[in-house]
Structure formats: C-alpha cells, structure tokens
1. How many residues are within 21 Å of residue 12 (Cβ to Cβ) and either part of a helix (DSSP H, G or I) or without any contact (Cβ under 8 Å) to a residue 24 or more places away in the chain (or both) if we restrict to the stretch 81-109?
2. Between residues in the stretch 60-80 that are farther than 17 Å from residue 90 by Cα and among the charged types (D, E, K, R) and residues that are surrounded by 16 or more Cβ atoms within 10 Å (Cβ to Cβ) and at pLDDT 95 or above, which pairs lie under 6 Å by C-beta distance while being six or more apart or on different chains?
3. Which of the numbered conditions does residue 52 fail, given that it passes all the others? Conditions: (1) in contact (Cβ under 8 Å) with a residue 24 or more places away in the chain; (2) in contact with an Asp or Glu (Cβ under 8 Å, 6 or more places away or on another chain).
4. Every residue in the stretch 351-361 that is surrounded by fewer than 16 Cβ atoms within 10 Å (Cβ to Cβ) and in contact (Cβ under 8 Å) with a residue 24 or more places away in the chain, please.
5. Would you confirm whether any residue within the stretch 223-236 is under 24 Å from residue 132 (Cβ atoms), in contact (Cβ under 8 Å) with a residue 12 or more places away in the chain and not in a helix (DSSP H, G or I)?
6. Which condition breaks for residue 308 when tested against (1) within 17 Å of the chain's Cα centre (by Cα); (2) surrounded by fewer than 18 Cβ atoms within 10 Å (Cβ to Cβ); (3) closer than 28 Å to residue 160 by Cα?
7. Mind checking which residues of the stretch 257-295 are among the hydrophobic types (A, V, I, L, M, F, W, C), at pLDDT 90 or above and in a loop (DSSP other than H, G, I, E, B)?
8. Contact list please: Cβ distance under 8 Å, first residue in the stretch 362-386 and over 11 Å from residue 416 (Cα atoms), second residue polar (S, T, N, Q) and in a helix (DSSP H, G or I), pairs at least six apart or on different chains.
Amino acid sequence: MKIFKFGGASVNSVERIKNLKHIVQAYQQDPLVIIVSAMGKTTNGLEKVVQAFYKGNKTEALQLFEVVKNQHLTTAKYLLVFQYNACIAQLNDFFTEVEWLLHDKPVRSYDYYYDQIVCTGELFSTCLISHFLNEEKIDNQWLDVRDLLRTDNNFRDAGVQFEYSATRIKDAINGYKGNITITQGFIGATDDNESTTLGREGSDYTAAIFANILDAESLTIWKDVEGVMNADPKAFPDAALIKALNFTEVIEMAYYGAQVIHPKTIKPLQNKGIPLLVKCFLDPALPGTLIHDKYIKDLPAIIVVKADQVLMSLKTKDFSFIGEAPMSQLYDMFGLVKIKPNLIQTGAIQLQLCLDNHEEKIDQLASACSQLFDVQIEKQLNLLTIRHYTEPIMQDLLAGKDILLEQKTKETIQCVYRNKA
C-alpha cells in the first residue's frame, strides 16, 4: 500500500490533471490511496466567499462563488466526455450545499462558516479527478473523507478522533476490491456531520493519517519543486534541494512556518517508521527528498520567511514584574481565542508576541489582554527564521531591515522586522 498526496498546484489545470494520470498509471497495479487538495487558487477564492458572506454581503458572496463554480465546470468540459454528465451531477450537489448556506445569515462563528464553505474545494477537485481516471480506464473508488475522518469541533484547526477514524478508513479501503481510492485532504467532520478543516495545508496531515492507519509502505507528496528546498524558491532563486532529512528537522521546519510539510504530518509517520518522499510531479524521474528517522549531518542553512505578521506588545499597567499568574492567564487566553504565537519574548514588565494576522482573533486577543496589560499592536511585519545559520547569511538576509525583535539559539535565529522605507 502506497499513499500519494497531490497538492493544488499539481491539479490546477486540465494539463496537470492529465499529468497526474500518467503518474498514477505507473503504480496502478499496487494498492494506492490518493489524497488530493483543492485545485490551485480555489481555497483562496472560497475564502473570499466566506469573507463576503460573514460581512453580510450575500450578493457578492454568491457572485464570488459563481466564479469558483465556473472554473470547475470549465475544467470538466475540457477534461471529460463519457463521464461528463455524472461528474456535473455530483458537482451540482456540492454547489447546492454551499449556495443554501449563502442564502442564510451568519449566526455562528467565522471559523464555522469557513469550514463549511472552504471544505468544498477538495470535494470539487477529487470529483473531477475520479471521473477522469475512470474515463481513462483507471478504475477507482471516490470517497467523501468526511464520512471517514471524525474530528472535534475546533473549526479551522480540528483535532482528529483517531480510533473512530481508523475503523472507518480500514473498512472503506479494505472493503474495496479495486486498487485505487481517491479522497480529499484537509477536511473532516464532527459527530454532528458538520464539516471541519485541519489547518491550512492540512492535506499532508490527512495523507499521514491514512499512511499510519493503513500501515503504508510509504507516503509520497507530489509538489511543483524538485523536493524539499532550503528556502522558498519563489522568494530565493538560489534555493537548493535537500536530498535527505530526518523527521526531527522537518518538524522544526514546519514549526517555524516552512510550507513544505504540514506541522502535524510527521508524528503519524514517525510512530510507525513510514518514510516520506517529496517528489516533483513535473518530472517524476527526479529523486526528490527522502525523509526518515536517521541522523543527517551538514545540513545547509534553512530559511523561512512568514509575511503578514503582527507584533503585540504587552506591558504591565502598574510596572509590576510579569510573573506566573499573568503568564498563566495569557496562555489561557491563547486557548480561548485559539491562536498560537510564532514567537514570545519576555522582559521584566513587557512581553512581546509575534502572531499570524488573523484579524478577528487578533482583536479578540487584544481585547482580552487589555484587562491585564497596556496593549500596542503593529501589523504588516515579517518573521525571518534561519536554521543552521551562519554570520554571513544572517548579515545578507537582514541587510536593510528594521529589526524589532530578535531571538537566537545555537541552531536557530528568529527576527521580526519591517522593511525600511
């Protein structure tokens, strides 16, 4: 049993879906579970639908959703012949699911509506791909992962109920007489059948869960780069391939915001010693990156830049020291708001937090913190992390930057900065 995960870039056009077919053909004699993300830019498009809907702009939300619908209908038109009608019928069921919701008024949290709407991107893409593979005589079963992956109701970052999910996944996969199963990454459902998502880029995590439960031989994540690079090649043209990594290093990279692997992906694999391959769907012959549990030495500097960061500065109102009690209360606030700081630095009477700019959550956290602290916020900042840094690399990357906060250990340096005007 092998698990393949295809990201949005690998299925964002008719040509790339046809390319996926050629990759799958080479493995179709073996049991194979294929986890697929939403087509490229679909998640972004659906996020705009959620934003308009939650602001009460129903007409705009429906218009934005119509754009997403037409993109998938057009893809079906150019991709399918014999399976076209069946595919359109299934897509229309998913479209209706969203449109009914958009005609209501929001009465629950933003995160709830986010999950109900954004989850459909994966349903659209897998519907298209499953019908296309069947048309190309690559028999497969399509599964709605929401029937298999049970989660809690922590919308946008749901926790998986592993035992229940394991039973459902084994029954669905092992009960199928064919070799190939197509299903979705990133999404699940609660006990009440409300859709949930596992966090942005959560398709990797879904694939790792399937690999663990099914005792897979390996998990392969297909991307539009050679493998795992030491930096984002779109931002750093001289980024280099890392041929091998261990699980610990990848967890560190993910923790600091590298977009290569979802942070939760490694544990299910490491627990069962399942190797992870990151390969290029544009050239499957390239070796890619192998990730395992063996020690790797002499790694290059690994560079991660997170944009759209918020620096929240908290200062005690009476100039008292920041002790256990306010720190404990602060962490309770993190849990209540469901937000995770990317960096924390404490002083005698001041504490600084670097956070992703989730506007609603930032407002909630600032309001809660104002009960204990004087609060100041600065937005539109960047967070640079360098693993295995050297002084020349630090100086090069920080030249011309206005550094607001810095933390350094033997292995890692992090800097919050604004670009100088």
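1. Result for the stretch 81-109: 8.
2. Filtered contacts from the stretch 60-80: 60/52.
3. (1)
4. 357, 360
5. The answer is yes; a qualifying residue exists.
6. (3)
7. Of everything in the stretch 257-295, those that are among the hydrophobic types (A, V, I, L, M, F, W, C), at pLDDT 90 or above and in a loop (DSSP other than H, G, I, E, B) turn out to be 274, 281, 282, 285, 286.
8. Listed pairs, sorted by first residue: 372/329.
The values are calculated or read from the model by the stated rules, or taken from the named source; none is laboratory data. This structure is a prediction, so every number in the text was calculated from the model and none was measured. Here Cβ is always computed from backbone atoms with ideal geometry, including for glycine, and neighbour counts include all displayed protein chains.
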